[in-house]
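Below you'll find the structure, written out as structure tokens, and then a few comments.
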Amino acid sequence: MFKHVDYYAGDPILSLVETFKQDERPNKVNLGIGVYYTDEGKLPLLDCVKTVEDEIAAAHTPRAYLPMEGLAGYRKACQNLLFGENSEAVAAGRVATIQTLGGSGALKVGADFLRKYFPKAKVYVSDPTWGNHIGIFEGAGFEVCAYPYYSKNHGGVRFEKMTEFLKGLPEHDIVLLHPCCHNPTGVDLSPAQWDEVLDIIKNRKLIAFMDIAYQGLGDGLEQDAYAIRRAEEIGLSFFVSNSFSKNLSLYGERVGGLSAVCPDKEQAELVYGQLKFTVRRIYSSPPSHGGNVVDKVMNTPELYKQWTQEVESMRQRIALMRTQLVAVLNEKVPGRDFSYFTKQRGMFSFTGLNPEQVDRLRNEFAVYLVKSGRMCVAGLNSKNIDYIANAFAEVLR
Ligand code: KET
């Protein structure tokens, strides 16, 4: 019956987690998947989350279905975080937001919606991008192509090539953008560059799809939303997918959101209806536990404040690891410029290591990176940083 089924070789990021688990070497370090670990190398459960979960457990609430669109307080919280408390678009009812199954679920619902209403569009992702961007949009039936982004030569953005390319795209093609903490490179656009890119998107009538999975871990919660706020300000209609997996450390709860900024309230209502319909036809409604946790943390002033502090300390720890890594590498591998590690933002860094060097790190040192040379900086800590820098120095020699 199933002989014709294609073999699935596994996902390059997720498979690495499994291989890592089976590795018995005591000094092993997982710098593969985009997960934040504490300085003790542990996956944190945030204090604000603990407080809410204690309350939820004590209340022994029955588990009703959530509505297709998720919890109202949750959706409001997504809007506040992304567009700011004083957003004109939100106040005007022009933003349709739903709670989704993580950032991935948001991408999928958005992709299915766009495929239905813009069937002729092509999707453009940055070269390179998170692998599953391609998977999710191809899975929705789109042809996915790439726009120039990262330069291997200078480690920055090929900005002229990028803007030239975008200027050549036809109306209503879809451009996937990372508002902050670009995955996998860690190389972001500056605010001035965003202004230019968003103007092109507006003039060419392209559809921006902004995927923000690391808000708060780049330059701060507000700063990281620059591109989104600017897009609203210049009157774009666009999509935003967001994730609480990383900034609330709620990976397994599948907590994300999808927002569509529309030209007016009437269109937002139409889009909102179709987003709900899309959800109904895929998984019906989002999960309630994670939804309730996010809702309570975001809508209780003391907990919200505590959360912003907890995100800020994660952000600062990542930044500190970047500085320390550069300091150790400068000492161990003199004459090479490692400053790119501190220029990059967020959880990831493109190390510049080639696939053979990545293999050597794993085989000889039990240090796991994604084949592309992407490293999750949030896996570094004060105890393993010397070991890792040494291992890097060895394979770079
Ligand atoms: N967008 C981006 C840019 C992203 O890096 C991830 C996850 C997601 C969306 C998905 O978020 P979630 O809320 O978990 O559905 N990236 C990490 C994990 C993964 O590959 O699934 C990673 O790149 O390691």
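The values are calculated or read from the model by the stated rules, or taken from the named source; none is laboratory data. Since the structure is predicted, the reported quantities are computational estimates derived from the model, not experimental observations. Ideal geometry is used to build each Cβ from the backbone, glycine not excepted, and the neighbour counts take in all protein chains shown.
Condition first: in contact with a Lys or Arg (Cβ under 6 Å, 6 or more places away or on another chain) and either within 12 Å of the ligand (Cβ to nearest atom) or more than 25 Å from residue 284 (Cα to Cα) (or both). Can you find one or more residues in segment 148-157 that meet it?
yes
Among the listed residues 98, 134, identify the single one that is within 16 Å of the ligand (Cβ to nearest atom) and either surrounded by fewer than 16 Cβ atoms within 10 Å (Cβ to Cβ) or assigned to a strand (DSSP E or B) (or both).
Criteria check complete, one pass: 98.
What are the residue pairs meeting all of these: first residue in segment 240-258, first residue within 17 Å of residue 45 (Cβ to Cβ) and among the hydrophobic types (A, V, I, L, M, F, W, C), second residue within 9 Å of the ligand (Cβ to nearest atom) and in a helix (DSSP H, G or I), Cβ atoms under 7 Å, and 6 or more apart or on different chains?
255/102
Residues checked against (1) away from the ligand (no atom under 16 Å from the Cβ); (2) of a type in the set (Asp, Glu); (3) under 21 Å from residue 311 (Cβ atoms):
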{"site": "3", "(1), (2), (3)": "yes, no, no"}
{"site": "8", "(1), (2), (3)": "no, no, no"}
{"site": "15", "(1), (2), (3)": "no, no, no"}
{"site": "33", "(1), (2), (3)": "no, no, yes"}
{"site": "47", "(1), (2), (3)": "yes, yes, yes"}
{"site": "52", "(1), (2), (3)": "yes, no, yes"}
{"site": "58", "(1), (2), (3)": "yes, no, no"}
{"site": "82", "(1), (2), (3)": "no, no, yes"}
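Can you say whether residue 284 is within 25 Å of residue 106 (Cβ to Cβ), in a loop (DSSP other than H, G, I, E, B) and within 16 Å of the ligand (Cβ to nearest atom), as far as the supplied structure shows?
The answer is no for residue 284.
In this structure, is residue 360 at pLDDT 95 or above, closer than 14 Å to residue 388 by Cβ and either surrounded by 22 or more Cβ atoms within 10 Å (Cβ to Cβ) or not acidic (Asp, Glu) (or both)?
yes
List the number of the failed condition for residue 193; all other conditions in (1) surrounded by fewer than 20 Cβ atoms within 10 Å (Cβ to Cβ); (2) assigned to a loop (DSSP other than H, G, I, E, B) hold.
(2)
If you go through segment 379-391 one residue at a time, do you hit one that is under 18 Å from residue 247 (Cβ atoms) and either among the acidic types (Asp, Glu) or buried (at least 20 other Cβ atoms within 10 Å of the Cβ) (or both)?
There is at least one residue in segment 379-391 that is under 18 Å from residue 247 (Cβ atoms) and either among the acidic types (Asp, Glu) or buried (at least 20 other Cβ atoms within 10 Å of the Cβ) (or both).
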